[in-house]
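Participant: Let me begin by handing over the structure; questions about it come next.
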Amino acid sequence: MISFLWAEDENRLIGKDNDLPWRLPADLKYFKETTMGHAIVMGRKTYESIGRPLPGRTNIILTHDSNYKQEGCLVLNSKQELLNWAEQNDSEVFITGGSEIFKLFIDEVDQLYVTKIHATFEGDTYFPILNWDDWTLISEKKGLKDEKNPYDYFFQMYKRK
Ligand SMILES: NC(=O)c1ccc[n+]([C@@H]2O[C@H](COP(=O)([O-])OP(=O)(O)OC[C@H]3O[C@@H](n4cnc5c(N)ncnc54)[C@H](OP(=O)(O)O)[C@@H]3O)[C@@H](O)[C@H]2O)c1
């Protein structure tokens, strides 16, 4: 099963200068809890912005460069290689961005975990347009708002209809 996990602002913004546009540590905690024990799939640019494999998960990097290597990571070179790996290895594979990689799997994805931040930020990278009519909201939880997480935001989970 393929799931997407991401955070977006009110304009579908997800990135700025190859980093996140906001600081929201409670969302990083949610990311960790949700993906722990599973495979996480990142584009080469998102991986390099994190800069290290995330513990307790199979870290998969997608790149066109067949010589690319990162210690502690599995490197794959195409969408089909990832789909084959997912079918054989994991009950739930989390596609975790960025924009190019979300676009690549938009027709394959079965479940969405989205953090919707009720604010607008400056940036340069957007989540692709989804037809929300194809999706059923399964759960929604308001995120903790405090001095370290100073926004209204909601953790939503959807399944494809
Ligand atoms: N808010 C969020 O939830 C969230 C989540 C993730 C990322 N982000 C942000 O998104 C931004 C990065 O997104 P991005 O779209 O610029 O880059 P990206 O999707 O992270 O990575 C793009 C790279 O993926 C590889 N790739 C793309 N299509 C491929 C294919 N068909 N087969 C093999 N490899 C393929 C290519 O690597 P090569 O060039 O090496 O071939 C390409 O340059 C950053 O600002 C990051 O912080 C935000």
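None of the figures in this text is laboratory data; all of them are computed from the coordinates on show. If you're wondering where the values come from, they're calculated on a predicted model, not measured in any experiment. Here Cβ is always computed from backbone atoms with ideal geometry, including for glycine, and neighbour counts include all displayed protein chains.
Participant: With unit charges on the beta carbon (Lys/Arg positive, Asp/Glu negative), name the residue among 62, 25, 125 whose Cα is farthest towards the positive pole of the charge dipole of the chain.
Facilitator: 25
Participant: Provide the packing ranking of 18-24, 155-161, i.e. peptides ordered by the mean count of other C-beta atoms within 10 Å per residue, highest first.
Facilitator: Ranking the peptides 18-24, 155-161 by packing returns 18-24, 155-161.
Participant: Roughly what percent of Cα-Cα pairs across region 72-152 reach past 19 Å?
Facilitator: 54 percent
Participant: Right, another one. Cα-based Rg of region 43-102 per 2.2 N^0.38 Å, rounded to two decimals?
Facilitator: For region 43-102, the normalised Cα radius of gyration comes out at 1.05.
Participant: Please compute, for the alpha-carbon atoms of region 1-151, the extent along each of the three principal axes and give them in descending order in Å.
Facilitator: Principal axes ranked by extent give 42, 33, 27 Å for the Cα atoms.
Participant: Right, here's the next one. Skipping prolines and chain starts, which residues have an amide H placed within reach, meaning under 5 Å, of the one on residue 7, given they are 5 or more residues away or on another chain?
Facilitator: 115
Participant: Right, next: Lys/Arg Cβ at +1, Asp/Glu Cβ at -1, dipole of region 2-160 taken about the Cα centre: which of 99, 109, 156 is farthest positive-ward?
Facilitator: 156
Participant: So what are the ³J(HN,Hα) numbers for region 139-156, from phi and the Karplus equation (6.51, -1.76, 1.60; θ = phi - 60°), rounded to whole Hz, Gly and Pro as x?
Facilitator: Running phi through 6.51 cos²θ - 1.76 cosθ + 1.60 with θ = phi - 60° gives 8, 8, 9, 6, x, 5, 10, 8, 5, 8, 10, x, 10, 7, 8, 10, 8, 10 Hz.
Participant: A further question follows. Taking loop as defined by DSSP and a crowding limit of 16 other beta carbons within 10 Å, which chymotrypsin sites (Phe, Trp or Tyr not before Pro) in region 55-103 fit?
Facilitator: Filter output for region 55-103: 68.
Participant: While we're here: Any idea how many Lys pairs in the chain come in under 19 angstrom at the alpha carbon, given 8 or more places apart or on separate chains?
Facilitator: 27
Participant: With angles folded into 0 to 90 degrees, how steeply does helix 25-35 sit against the dominant principal axis of the chain? Use alpha carbons for both and round to 10.
Facilitator: 40 degrees
Participant: Can you give the helix-only mean residue ellipticity at 222 nm for the chain, where every DSSP H stretch with n ≥ 4 adds -39500 (n - 2.57) and the sum goes over all residues, rounded to the nearest 500 deg cm²/dmol?
Facilitator: Estimated from H runs of four or more residues: -6000 deg cm²/dmol.
Participant: For region 1-106, calculate the relative contact order in percent as a whole number, restricting contacts to Cα pairs under 8 Å that are 6 or more residues apart.
Facilitator: Result for region 1-106 is 37 percent.
Participant: Local charge sum around residue 41 (other residues, Cβ-Cβ under 15 Å, Lys/Arg +1, Asp/Glu -1)?
Facilitator: -3
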